[in-house]
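Data first, discussion second: the structure below is written as structure tokens.
The values are calculated or read from the model by the stated rules, or taken from the named source; none is laboratory data. Fair warning: this is a prediction, and the values are worked out from it, not measured in the lab. Ideal geometry is used to build each Cβ from the backbone, glycine not excepted, and the neighbour counts take in all protein chains shown. Surface accessibility is based on the protein's heavy atoms, side chains included, excluding ligands, DNA and RNA. Shrake-Rupley method; radii C 1.70, N 1.55, O 1.52, S 1.80 Å.
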Amino acid sequence: MKPVVMALLALVLTACDPAPPPALPPVTITVSQTVEVDDTPVLDARGIGRVRLGMTSAELQATGEVGGPVGGPEFSCVVYALKAVRGWVGVEGGVAVDLRVESSARTTEGLRIGDSRARMHELYPRVEQFPHGFDQSLDAGERYRFFFMDAGNTLTGIGLSPPDRSCLN
């Protein structure tokens, strides 16, 4: 029986593989981040899109971002409709002097059409009230104008013009 036990023990010992299992390949972990893309047109201190204050009528038309002249008794200068957003650009003395947007736009600081007066005051604490809205002076010598229809609480328009110019009567 001793030879049988020895044979079984030899069989068991040879059946076990004393070598460690092969190492697994390294695992690569990729971390991703969700980034919100904001493609809302931005009205900055010079204009919106390629439409800029100071451009001639021909330069404005060359941008492809304005339509033909529009107007009415409320305007004191030639006004062209903007294509990317609801709004207009006014030309006086041969150059663009006044911009107004009324939909789908924001300022560089993030104030959007539809925001509240409280949000405007949060972003622009030095904004000054005038009879038809609010003015915010900009470093470039221009000013933002914020409009709230019927003195409501919802921002309905944002303008950009030099302090001494306006195409609205």
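The loop-placed GluC sites (Glu not before Pro) in the stretch 64-102, going by DSSP, that have at most 13 neighbouring Cβ atoms within 10 Å of their Cβ come out as Glu74.
Using the heavy atoms of the protein chains and a 1.4 angstrom probe, tell me the accessible area per residue for the stretch 102-153 in square angstrom. The partial results should precede the final answer.
Working: 3030 Å² over 52 residues.
Per residue, the stretch 102-153 has 58 Å² of solvent-accessible surface.
Each residue was assigned an accessible area with a 1.4 Å probe, and for His132 the value is about 140 Å².
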